[in-house]
Amino acid sequence: MEKSCTLIVHFDKGTPALANEIKEALEANDVAAKIDALKKAIMLLLNGETIPQLFITIIRYVLPSEDHTIQKLLLLYLEIIDKTDSRGKVLPEMILICQNLRNNLQHPNEYIRGVTLRFLCRLNESEIIEPLIPSILSNLEHRHPFVRRNAVLAVMSVYKLPQGEQLLDSAPEIVDKFLSSEQDPSSKRNAFLMLFSCAQDRAINYLFANIDRIIDWGEQLQMVVLELIRKVCRSNKGEKGKYIKIIIALLNASSTAVIYECASTLVSLSSAPTAIRAAASTYCQLLLSQSDNNVKLIVLDRLNELKSSNREIMVEMVMDVLRALSTPNHDIRRKTLDIALELITPRNIDEVVMMLKKEVVKTQSGEHEKNGEYRQMLVQAIHTCAIKFPEVASTVVHLLMDFLGDTNVASAMDVVVFVREIIETNPKLRISIITRLLDTFYQIRAARVCSCALWIIGEYCLSLSEVESGIATIKQCLGDLPFYTITDEGDGQDSSKPIQQVNSTTVSSRRPAILADGTYATQSAALETAMSPPTLVQGSLSSVGNLRSLILSGDFFLGAVVACTLTKLVLRLEEVQTSKVEVNKATTQALLIIVSMLQLGQSSALPHPIDNDSYDRIVLCIRLLCNTGDEIRKIWLQSCRQSFVKMLADKQRRETEEIKAKAQISNAQPDDLIDFYHLKSRKGMSQLELEDEVQDDLKRATGEFTKDGDDANKLNRILQLTGFSDPVYAEAYVTVHHYDIVLDVTVINRTKETLQNLCLELATMGDLKLVERPQNYTLAPESSKQIKANIKVSSTETGVIFGNIVYETSSNVLERTVIVLNDIHIDIMDYISPASCADVAFRTMWAEFEWENKFGSFRYDAKTGISVGGKVAVNTVLQDEREFLTHIIKSTNMKCLTPPSALEGECGFLAANLYAKSVFGEDALVNVSIEKQADGKLSGYIRIRSKTQGIALSLGDKITLKQKGTA
């Protein structure tokens, strides 16, 4: 049976020492040899060895030594040896050490006295301690503070023993007198801790007797005071008003640790606006004064909690929170922006946007390698502000348009998406945005940004001058025609050179990409990379246009977008231009450009020919320009924009619904009691206490004091560990926190015998670790015992806890009985929660994550000889696609990123993306693709991707199990 140990000593594993060698070294006169031998003896004892023959040797040869190191090692040895027999009685030879301990307590050296007093704190045998009590008390008056502070701890440990009140009944009174005259901060802290633990009333009396001097006390004592206040206020909520005054006074303490604890205590005890405002202000000061990034992240978490419960007060602090953006760490910046964006109001929006604009400008001048990523965060934050408060869009949109040519593609993409939304929602800004976009279009270097900007030009160039400027800008960026000559095509080597010089970052290989609906498509790597700076090309302009460079690199999707934009501009020119000659001239030029792109795509000058989709789209543009009809014109000039407006409205509606869902709060029960503070006596109550009473009443009325957990839900977490016929019945209540699991095990003795040395032995499988080993217990007949076990969790992975209960009966002590327990499976659902992410971010993560768990089989194609993805019957009786998707979302505790509008209709096919985040910050991505067969059954597959293997496999097992459960 393993025993608990109170010390850990590091040692290098090697050949263990022999007991005879240790004994000889201890009997020698060499001090160094004795020290080495004592260390070896302690190592053997810690490793489970029993060396009873050494005890008398140590009493004879080691005990009389005056060496301080030997005395310290001797106390460690005495701490870990067995001092009692099998019946719990103190061994007779232990009396031999009492005289030595008494001598140490009266030793002239303060170090010997101090370490001996510390050793006595870990002794549980009252027979050994009883004769030493007078010596312990005399050390309370020693001249050296090291001795006094340990003497107080020794008094506290003696008083806490089972027979402590009989051994030292006057301990609280003695320590109270000691505390009133003591000057050493550590000794005062230990004395106050003793009163706090053993005589709470005396501690409270001392606190209020010295209330004016609390601010001058040491940091350690102030921390114990806060612990006392928390304990008292939890047990007696009616008196917390006078304690809150003490906490607010301590907010001016010199120690940052005390200030942080004060703010946390204030938030936990009081709901008064004055208290919450003081706590929030304290957190903001810590956020700016502390240089440690970990401290800043913790403080931001506290501010985030305050924001959810006291938003009105936090709104006042938004500018103080934003000052944390000066920290170069991106995690801190991201968390700061998340908090600030939920605190913007019409009153502070101008200040917030001004601050964000200043930060954007700073990213231009700085040379930090992650400036692009930070700029992207700022752009997204400004975008959110502009959506909530459209009136600020005019102040930021032109500044952000300077970054359309950003080398960070993601940042530039965010800017152009922001511009696209603002130009639709703010008609007054349309002219200025179009003018600025046409002026800066040549700076854009990314294909995706060019595509979006071209769509804006095609849809929002309405006047004659804007349409003509749009056509001229596109022509300028495309450069001279043709894109290649026939002679170049004849010479394969010469024709390839100018193309390769255009874009050195282009990769000609192709790879699959995840589309918005969850399906795969092939895309060129050129779509993902930013274009390199223009280089000289033979036979062309000295400066190559951005569109020409990207099209020459093989990006024909962009070519199709250019063709569509030119077509829209020409169609609109027919409406605003009265001269038919000018219209025909523009149509001819557009056709020439489009045909040149088509000719380039079908030539051998590029490593890859044009893809079929782009080819069909470009051909459609040619046909449309040659023969336009009113119906087609309406589709191209109106329907596209109407679809975009509908998409924005749907997005706004979904965001509004999410906000309403978050705003729903629980209501109190109709029969709950409410205290009306207006009818209470206000005598002796300060303004702070009145505020606190009001807030408590409001919370009680609105249901915020109701318990979070449902009783029925708690019953579901109780797991039976043994059978009803076993002599010991055990069941566990499992509580899963973020980083640990608490098992509250109830053990019931169902026999008529006393069970001795009953121990709950647990082991774990997976990324779980047992924190501490439960100790042994004695169970009376038909009695029960509550045993707690803590298990540390290090990753999001399904784990298993297993073990057994071992005990001895009073009738047969030599025989041990073992009862094997049922396994406890820790569910991955306890660690992941639904989360949101942008569509672009989802696709980026899907491409990056290497661990994929695919539910589906593959069929072999005999014609081609390769394996291709097949449709796999999903193991379910559900026959409706959306019902199956809802079942998967509920089973996996994930959020569906695909908007409901995309899932509407009856097409027999459904593809959706799901997303969740674990408490450890891991991302879980799921793609569901299902199809309804002719017989009404569902078929398809589910793919899971994550950065780590554990979460992918665990989530896969969960889905497989849940699918079988519905079969």
Item to complete: Return the only residue of Ile456, Ile423 being at pLDDT 90 or above, in a helix (DSSP H, G or I) and either closer than 20 Å to Leu547 by Cα or among the aliphatic types (A, V, I, L, M) (or both).
Response: Ile456
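Each row is one residue, and each column tells you yes or no for (1) of a type outside the set (Asp, Glu); (2) surrounded by 10 or more Cβ atoms within 10 Å (Cβ to Cβ); (3) modelled with pLDDT under 55.
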{"residue": "Leu625", "(1), (2), (3)": "yes, yes, no"}
{"residue": "Ile635", "(1), (2), (3)": "yes, yes, no"}
{"residue": "Arg653", "(1), (2), (3)": "yes, yes, no"}
{"residue": "Glu691", "(1), (2), (3)": "no, yes, no"}
{"residue": "Thr702", "(1), (2), (3)": "yes, yes, yes"}
{"residue": "Thr706", "(1), (2), (3)": "yes, yes, yes"}
{"residue": "Lys714", "(1), (2), (3)": "yes, yes, no"}
{"residue": "Phe724", "(1), (2), (3)": "yes, no, no"}
Discussion item. Going residue by residue through the stretch 277-286, is there one that turns out to be polar (S, T, N, Q), part of a helix (DSSP H, G or I) and open to solvent by less than 50 Å² (accessible area, probe 1.4 Å)?
Written reply: yes
Worksheet item: Is it true that some residue in the stretch 376-390 is under 26 Å from the mean Cα position of the chain (by Cα) and outside any helix (DSSP H, G or I)?
Response: no
Discussion item. Here are the criteria: (1) among the aliphatic types (A, V, I, L, M); (2) in contact (Cβ under 8 Å) with a residue 40 or more places away in the chain; (3) farther than 24 Å from Leu153 by Cβ. Tell me which single one Leu26 does not satisfy.
Written reply: (2)
Worksheet, complete the sentence: Here the residues within the stretch 10-42 that are under 52 Å from the mean Cα position of the chain (by Cα), at pLDDT 65 or above and not small (Gly, Ala, Ser) are Leu18, Ile35, Asp36, Leu38, Lys39, Lys40, Ile42
Worksheet item: On the given criteria, is Arg347 buried (at least 19 other Cβ atoms within 10 Å of the Cβ) and among the charged types (D, E, K, R)?
Response: no
Response to the item:
Restricting attention to the stretch 915-933, the residues that are under 16 Å from Glu883 (Cβ atoms) and buried (at least 23 other Cβ atoms within 10 Å of the Cβ) number exactly 2
Worksheet item: Does Thr57 satisfy the condition of being buried (at least 16 other Cβ atoms within 10 Å of the Cβ), among the hydroxyl-bearing types (Ser, Thr, Tyr), in contact (Cβ under 8 Å) with a residue 24 or more places away in the chain and assigned to a helix (DSSP H, G or I)?
Response: yes
Worksheet item: If you go through the stretch 199-221 one residue at a time, how many are open to solvent by less than 30 Å² (accessible area, probe 1.4 Å), farther than 17 Å from Lys242 by Cβ and assigned to a helix (DSSP H, G or I)?
Response: 1
Discussion item. Considering only residues that are in a helix (DSSP H, G or I), under 21 Å from the mean Cα position of the chain (by Cα) and exposed (fewer than 15 other Cβ atoms within 10 Å of the Cβ), which ones fall in the stretch 309-329?
Written reply: Ser309
Worksheet entry | Subset of the stretch 178-198 (residues that are open to solvent by less than 20 Å² (accessible area, probe 1.4 Å) and of a type in the set (Gly, Ala, Ser)) | Ser187, Ala191
Discussion item. I want to confirm something. Restricting to the stretch 104-154 and keeping residues that are touching a helix residue (DSSP H, G or I) at 6+ places or on another chain (Cβ under 7 Å) and of a type in the set (S, T, N, Q), which single residue is most open to solvent (accessible area, probe 1.4 Å)?
Written reply: Gln106
Fill in: Identity of the residue in the stretch 399-420, touching a helix residue (DSSP H, G or I) at 6+ places or on another chain (Cβ under 6 Å), assigned to a helix (DSSP H, G or I) and charged (D, E, K, R), that ends up surrounded by the most Cβ atoms within 10 Å (Cβ to Cβ)
Asp414
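Filter the stretch 878-914 for residues that are among the hydroxyl-bearing types (Ser, Thr, Tyr), open to solvent by 10 Å² or more (accessible area, probe 1.4 Å) and within 30 Å of Gly950 (Cβ to Cβ) and give the result.
Thr886, Ser891, Thr898
Could you tell me whether any residue of the stretch 152-163 is assigned to a helix (DSSP H, G or I) and of a type in the set (D, E, K, R)?
Scanning the stretch 152-163 turns up no residue that is assigned to a helix (DSSP H, G or I) and of a type in the set (D, E, K, R).
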Worksheet, complete the sentence: Out of (1) out of contact with any His (no Cβ under 6 Å at 6 or more places or on another chain); (2) within 20 Å of Met156 (Cβ to Cβ); (3) in a helix (DSSP H, G or I), the one Arg113 does not meet is (1)
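Could you identify the single residue in Ser432, Ser451 that is in a helix (DSSP H, G or I) and surrounded by fewer than 20 Cβ atoms within 10 Å (Cβ to Cβ)?
Criteria check complete, one pass: Ser432.
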Worksheet entry | Number of positions in the stretch 155-175 that are under 17 Å from Asp201 (Cα atoms), within 46 Å of the chain's Cα centre (by Cα) and surrounded by fewer than 18 Cβ atoms within 10 Å (Cβ to Cβ) | 1
Fill in: Matching residues, the stretch 904-959, being among the hydroxyl-bearing types (Ser, Thr, Tyr) and part of a strand (DSSP E or B)
Tyr915, Ser918, Ser929, Ser939, Tyr941, Ser946
Item to complete: May I ask you to list the residues in the stretch 413-447 that are small (Gly, Ala, Ser) and within 38 Å of the chain's Cα centre (by Cα)?
Response: Ala446, Ala447
Worksheet item: Taking the stretch 934-967 on its own, how many of its residues are touching a residue at least 24 places away in the same chain (Cβ under 8 Å) and open to solvent by 50 Å² or more (accessible area, probe 1.4 Å)?
Response: 10
Worksheet entry | Filter result (at pLDDT 85 or above, of a type in the set (Asp, Glu) and part of a loop (DSSP other than H, G, I, E, B)) within the stretch 342-375 | Glu342
Item to complete: Count, please, the residues in the stretch 62-103 that happen to be assigned to a helix (DSSP H, G or I), open to solvent by 50 Å² or more (accessible area, probe 1.4 Å) and modelled with pLDDT under 80.
Response: 4
Worksheet item: Being under 17 Å from Ser326 (Cα atoms), of a type outside the set (Ser, Thr, Tyr) and over 30 Å from the mean Cα position of the chain (by Cα), is that true of even one residue in the stretch 362-370?
Response: yes
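Go through the residues of the stretch 823-832 one by one and say whether even a single one is modelled with pLDDT of 80 or more, surrounded by fewer than 16 Cβ atoms within 10 Å (Cβ to Cβ) and in a loop (DSSP other than H, G, I, E, B).
Checked against the condition, which is being modelled with pLDDT of 80 or more, surrounded by fewer than 16 Cβ atoms within 10 Å (Cβ to Cβ) and in a loop (DSSP other than H, G, I, E, B), the stretch 823-832 yields at least one hit.
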Worksheet item: Which helices (runs of 4 or more DSSP H) sit wholly inside the stretch 577-651 and have at least 2 residues that are among the hydroxyl-bearing types (Ser, Thr, Tyr)?
Response: 580-602, 612-626
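The values are calculated or read from the model by the stated rules, or taken from the named source; none is laboratory data. Quantities reported herein were computed from a predicted structural model and do not represent experimental measurements. Virtual Cβ from ideal backbone geometry, glycine too; neighbours counted across all protein chains shown. For the accessible areas, the whole protein counts, side chains as well, though only heavy atoms, and no ligand, DNA or RNA atoms are used. Shrake-Rupley method; radii C 1.70, N 1.55, O 1.52, S 1.80 Å.
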